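Novice: One structure, pasted below without further comment.
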Amino acid sequence: MTELEQAIEIAVGLHGTITRNDSGFIACFSDVLTAESYIVLVEDFDSLTADRQDRCVVVIKVSSLM
């Protein structure tokens, strides 16, 4: 399982709503605290980067930025 797939599974486990494409996904949560906690988890993945906007977190593969 890739880090992207693992990050998606974690978001789903936190009851996040997922919008996905080939480079990453957006996960929206019920509150800001869950989004903040999720972004801390995603920071452990070497191949992913994430940014939070309110209750949503944008997660993309670092390789897609190059």
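Novice: For the chain, which GluC sites (Glu not before Pro) are both in a DSSP coil and crowded by at most 12 other Cβ atoms within 10 Å? Working shown, then result.
Specialist: Numbers: sites: Glu3, Glu5, Glu9, Glu36, Glu43; in loops: Glu43.
Hits after loop and neighbour filter: Glu43.
Novice: With every protein chain kept in place and ligands, DNA and RNA left out, what is the accessible area per residue of the chain? Probe 1.4 Å, answer in Å². Please list the in-between numbers first.
Specialist: Details: 4200 Å² over 66 residues.
Normalised by residue count, the accessible surface of the chain is 64 Å².
Novice: Moving on to the next point. Run the quick spin-label model on Arg20 and Val62: label points 7 Å from Cα toward the beta carbon, then report their separation in nm to one decimal.
Specialist: Roughly 2.2 nm, to one decimal.
Novice: How large is the direction-averaged shadow of the alpha-carbon convex hull of the chain, in nm²? Write out the running numbers ahead of the final one.
Specialist: Values: hull surface 15.7 nm².
Over every viewing direction, the Cα hull of the chain projects on average to 3.9 nm².
Novice: Further question: What does the helix-only formula give at 222 nm for the chain: each DSSP H stretch with n ≥ 4 adding -39500 (n - 2.57), the total divided by the residues, and the result rounded to the nearest 500 deg cm²/dmol? Mind showing how you got there, number by number?
Specialist: On the way: 2 runs with 22 residues, N = 66.
Roughly -10000 deg cm²/dmol at 222 nm, from the helical runs in the chain.
The values are calculated or read from the model by the stated rules, or taken from the named source; none is laboratory data. Note that this is a predicted model, so its numbers are computed, not measured. Methodologically, a virtual Cβ is constructed for each residue, glycine included, from the backbone with ideal geometry; neighbour enumeration extends over all protein chains shown. Accessible surface is based on the protein model in full, side chains and every heavy atom, while ligands, DNA and RNA are left aside. Shrake-Rupley method; radii C 1.70, N 1.55, O 1.52, S 1.80 Å.
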